[in-house]
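**Q** Just passing along the structure, written as structure tokens.
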Amino acid sequence: MITFEIPGEPMSQPRPRATVVHGHAVIYNPKLSRDWKATAHDHMQQALAGRPPLQGAVQLHVIALFTCPRSHWRKRDPLGRRWHIQRPDGDNVLKVLK
């Protein structure tokens, strides 16, 4: 089993963006997404350092923790942990890690 942690807020796989450069369409990923993927890649490389390449079927378990919205902060009656039901959805968070 290989376990690692990626610091920061989980990110989803965004849609590719397109622009026209010198009359040709260019497809790119937003900078925030590229930076997050680079950070995730670095942490994965550190976790796999010195190990042989993975072979066969791979099982992926992801625990994504999000910060509590300010509108849910309460001093007298704190809310416990809850499911994250806003954006990004679980499928898109998995896509960026795969």
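**Q** Just to check I understand the Karplus step: with θ = phi - 60° and J = 6.51 cos²θ - 1.76 cosθ + 1.60, what whole-Hz values come out for segment 68-73, glycine and proline as x?
**A** Result, rounded to whole Hz: 6, x, 4, 5, 9, 6.
**Q** Shifting gears a bit: What distance in nm separates the simple spin-label points at V20 and H43, each placed 7 Å from Cα in the Cβ direction?
**A** 4.0
**Q** Now for a different question. If a paramagnetic tag sat 7 Å from the Cα of N92 along the Cα-Cβ line, which residues of segment 10-48 would have the backbone N under 17 Å from that point?
**A** Answer for this model: 10-18, 28-37.
**Q** Sort 10-21, 62-73 by packing, meaning the average of other beta carbons within 10 Å per residue, with the highest value first. Let's see the in-between values first.
**A** On the way: 10-21: 12.9, 62-73: 9.1.
Taking the mean over residues of other Cβ atoms within 10 Å, the ranking is 10-21, 62-73.
**Q** Still on this structure, please answer the following. Determine how large the accessible area of H43 is when every protein chain is in place; take a 1.4 Å probe and give Å² rounded to the nearest 10.
**A** Ignoring ligands and nucleic acids, H43 comes out at about 50 Å².
**Q** Could you point to the label whose value was computed as percent of Cα pairs over 16 Å apart for the structure here, given (i) 69; (ii) 64; (iii) 50?
**A** Structure-derived value, by its label: (i).
**Q** I would also like to ask the following. Compute the length gained on full extension between W73 and I27: take 0.36 nm times their separation in residues and subtract their Cα-Cα distance, giving the result in nm to one decimal. Before the final figure, lay out each step's value.
**A** Working: separation 46, 0.36 × 46 = 16.56 nm, distance 4.03 nm.
Taking 0.36 nm per residue and subtracting the Cα distance, the gain is 12.5 nm.
**Q** Whole-Hz Karplus ³J(HN,Hα) for segment 22-30, in order, using 6.51 cos²θ - 1.76 cosθ + 1.60 and θ = phi - 60°, x for Gly and Pro?
**A** The phi angles translate into 6, x, 10, 6, 10, 9, 8, 9, x Hz.
The values are calculated or read from the model by the stated rules, or taken from the named source; none is laboratory data. A quick note: this is a predicted structure, and the numbers were derived from the prediction, not measured. Cβ atoms come from the backbone with ideal geometry, glycine included; neighbour counts cover every protein chain shown. Note: accessible area is taken over every heavy atom of the protein model, side chains too, but ligands, DNA and RNA are not part of it. Shrake-Rupley method; radii C 1.70, N 1.55, O 1.52, S 1.80 Å.
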